[in-house]
Structure formats: structure tokens, C-alpha cells
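The values are calculated or read from the model by the stated rules, or taken from the named source; none is laboratory data. The structure displayed is predicted, hence computed values, not measured ones. Virtual Cβ from ideal backbone geometry, glycine too; neighbours counted across all protein chains shown. The accessibility values were calculated without ligands, DNA or RNA, using every heavy atom of the protein model including side chains. Shrake-Rupley method; radii C 1.70, N 1.55, O 1.52, S 1.80 Å.
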Amino acid sequence: MEQGDAGVAVPEKEAADETLRPVVDRLLLDTHFREVPLPDNFDGWTGEDLRKRPNESLKRMLTQEAVGEVQQALGLSFESKFSGHTGRPLPKAETKQAVPDYESWSARLEALRGEMGEKVNEAEARGVSVPRFDAETGQPLPKNSLRVYEAVHGRRQPQEAPPSMSDQEALEMGLSALREMKAIRREDEAARKSGGLLPRS
């Protein structure tokens, strides 16, 4: 215990919480956050005081956020039981008595990371350039991270309409794709809500 200005004992920061910092930093690579968000003071489901363990709070919050964002990038929903790429089963992110179960969410995220890593490896084998380091921080980027997956995925050339397609047919094809994307987004938002995640802004 340290002594404060008035000689009052000040509780030391829990040393074990700092060991979670690398976990939090890794989770940021699977979300669209560019820096660590402010952690919650209290657990929204259990009411637990998290102020002395901010990295514990961030680990849980970022895991949920990462599952949602990685699934969306892979074109999966919360209800998806199998990978659309390999057909392997995906662990279900469980919620028990309205409280998300961290272990099951973490297991699902690991399986989704495996899917991203395989797709990145396949793209690299086709000659797509894969970033190794973050352009802003210089931090090494794992191949199975959302940041790398989206960088590789974003480099694909858009499909062009066949030359024989009329302008009207191309317009109808584009509108159909837009309607499909909106339907997927509505489904994703409903799944995020039922999974306890915040809606996308």
C-alpha cells in the first residue's frame, strides 16, 4: 500500500490487470477502433465495479465488438453455425441470464480469426500484397487480424458489368446488390442487439 498526501493508504493498482494490456492491444486489431476506448466503470449486466480493472472491462467489451465486426467482414451472422469458407463449425457466442459468456465469445473470435487468416494466406498465394505493419503505429500486424483482412479484401478489383449488359440491366443489378446489402445490415443489427452489442453508428 502507498501513502497518499493525507497519509491515507491508497490501494495499489492491481498488477494482474496490466498483463491484459497485450490482449487488449491485439483485440483492437480486430475492431475499427484506432485507439483504446474508455472502459466502462461498471459492468452493464452484472453491476460489477470495473474501475480497478479497466483492462478486464476492455477485454470483455472489445471481444464482443470484435466478434460482431469480424463476422460482418466475413459475411456471417450471429446465427451462423458454420464457416462459409471452410464449412467448419463455429462456436456459439453464449449469453447466460442476459450476461455474455466471455469464454464462448472468445472461442468464437478465435475460430473467426482462423477463417480470416486462411483467406489472407490464399490472397497472398495469388500475389496480393499483405501488409506486415500498421501504417500509423508501426505495430506488427498478425495475418489473422481484421486490419489485415480488410486491407487485403479492399484491394480486390470490383467486378465490371459484362460488355453486352445494357445500362438498364447494370442499374438493376446494382440496385439488387444494394437491397441485398441493406437486408444483411438489418439482419446484422438485429443480431447485434440480441447479442448484447451496441448498434453501429
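To keep it simple, each residue is scored yes or no on (1) within 21 Å of residue 118 (Cα to Cα); (2) in a helix (DSSP H, G or I).
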position: 44; (1), (2): no, no
position: 55; (1), (2): no, yes
position: 63; (1), (2): yes, yes
position: 72; (1), (2): yes, yes
position: 77; (1), (2): yes, no
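Looking at region 154-171, is at least one residue modelled with pLDDT of 80 or more and open to solvent by 60 Å² or more (accessible area, probe 1.4 Å)?
No, there is no match, as no residue in region 154-171 is modelled with pLDDT of 80 or more and open to solvent by 60 Å² or more (accessible area, probe 1.4 Å).
Tell me, which residue of region 6-56 that is aromatic (Phe, Trp, Tyr) and modelled with pLDDT of 75 or more is surrounded by the most Cβ atoms within 10 Å (Cβ to Cβ)?
33
From the residues in region 122-148 that are assigned to a helix (DSSP H, G or I) and more than 19 Å from the chain's Cα centre (by Cα), which one is farthest from residue 110 (Cα to Cα)?
If we take residues in region 122-148 being assigned to a helix (DSSP H, G or I) and more than 19 Å from the chain's Cα centre (by Cα), then 125 is farthest from residue 110 (Cα to Cα).
Go over the candidates 186, 113 one by one and state the one that is assigned to a helix (DSSP H, G or I), at pLDDT 90 or above and either within 24 Å of the chain's Cα centre (by Cα) or within 19 Å of residue 32 (Cβ to Cβ) (or both).
Answer to the check: 113.
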